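Contents: one structure, followed by commentary.
The values are calculated or read from the model by the stated rules, or taken from the named source; none is laboratory data. Quantities reported herein were computed from a predicted structural model and do not represent experimental measurements. Quick reminder, even Gly has a Cβ in these numbers, built from the backbone with ideal geometry, and neighbours come from all protein chains shown.
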Amino acid sequence: MKLLFNALIKFIFGILLVGLLLFLPAGSLSYTNGWIFAAVLFIPILMLGIILYIKAPELLKKRLDSKEKEVEQKGITRFSAIVFILGFVMAGLDYRFELSSIPRGFEISAVVVFLLSYLLYAEVMRENAYLSRIIEVQENQKVIDTGLYGIVRHPMYMTTVFMFLSIPIILGSWYSFIIFLFYPVLMVARIKNEEKVLSNGLIGYNEYKEKVKYRMIPFIW
């Protein structure tokens, strides 16, 4: 019941926070793109949360824990939060003052990319039961090298990059997209620090790095 309560509190807080960051700057509840984004974000989150609560409560508990222990990761987390806040606020202001216009076809394509990326996100969690939100080596943790982990070493970050770069397009704001471009840069910094931790503390990870060459984007990096 404690896990369920914590999950519901974070879910409700997330809805309220995103709503305030989008609709307050927009100055209107008629911001259609904002409602579409809220739907494609929170409906899958709710569905995945229910599945994890029933089938993998320990994984859900790990995903709810966001208190970083690594000093460098704390800084990256703070900068990530700033990017999201500025990106959402900018999207609302863009709607309010009609600063930019994105073709409807682009917005629909971004919704499709977001949902497909979220499916990959769920698949990564199915493959890796050690998938915590914080950087750490867990007790009895093993290297996962199958599925998406056989293609890139950090498929979770790969999926989130596609998801988060599609967000400003769904929201209809090129200016917000420029702000969200900082997110992949932050993920590169996060991965470099995470790999130091895993290389030093996770048995077999250095061999895994030799086997799977690419960190986040196949054939690129």
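Number of residues in the stretch 194-221 that are more than 23 Å from the chain's Cα centre (by Cα), among the aliphatic types (A, V, I, L, M) and surrounded by 14 or more Cβ atoms within 10 Å (Cβ to Cβ): the value is 1. Taking (1) in contact with a Pro (Cβ under 7 Å, 6 or more places away or on another chain); (2) farther than 29 Å from Ala91 by Cβ in turn, Lys211 satisfies each apart from (1). Within the stretch 6-48, restricting attention to residues that are farther than 17 Å from Lys62 by Cβ and aromatic (Phe, Trp, Tyr), the residue that is farthest from the chain's Cα centre (by Cα) is Tyr31.
Every residue, every condition in (1) touching a strand residue (DSSP E or B) at 6+ places or on another chain (Cβ under 8 Å); (2) modelled with pLDDT under 90; (3) over 19 Å from Ser80 (Cα atoms); (4) in a helix (DSSP H, G or I), yes or no:
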| site | (1), (2), (3), (4) |
| --- | --- |
| Ile135 | no, yes, no, no |
| Pro184 | no, no, no, yes |
| Met187 | no, no, no, yes |
| Val197 | no, yes, yes, yes |
| Arg215 | no, no, yes, no |
| Trp221 | no, yes, yes, no |
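If you scan the stretch 98-118, which residues turn out to be without any contact (Cβ under 8 Å) to a residue 24 or more places away in the chain and either crowded, with 20+ Cβ neighbours inside 10 Å or in a loop (DSSP other than H, G, I, E, B) (or both)? Selection gives Glu98, Pro103. Of all residues in the stretch 165-179, those that are within 11 Å of Phe37 (Cβ to Cβ) have Cβ atoms under 8 Å from Cβ atoms of residues that are of a type outside the set (A, V, I, L, M, F, W, C) and not in a helix (DSSP H, G or I), 6 or more apart or on another chain, in Gly172/Ser100; Gly172/Ser101; Ser173/Ser100.
The residue of the stretch 180-193 that is surrounded by the most Cβ atoms within 10 Å (Cβ to Cβ), among those that are in contact with a Phe, Trp or Tyr (Cβ under 7 Å, 6 or more places away or on another chain) and free of Cβ contacts under 8 Å to residues at least 40 places away in the same chain, is Met187.
To keep it simple, each residue is scored yes or no on (1) under 16 Å from Phe37 (Cβ atoms); (2) modelled with pLDDT of 95 or more; (3) basic (Lys, Arg).
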{"residue": "Lys74", "(1), (2), (3)": "no, no, yes"}
{"residue": "Ser80", "(1), (2), (3)": "no, no, no"}
{"residue": "Ala91", "(1), (2), (3)": "yes, yes, no"}
{"residue": "Asp94", "(1), (2), (3)": "yes, yes, no"}
{"residue": "Ser101", "(1), (2), (3)": "no, no, no"}
{"residue": "Glu123", "(1), (2), (3)": "no, no, no"}
{"residue": "Asn128", "(1), (2), (3)": "no, no, no"}
{"residue": "Leu131", "(1), (2), (3)": "no, no, no"}
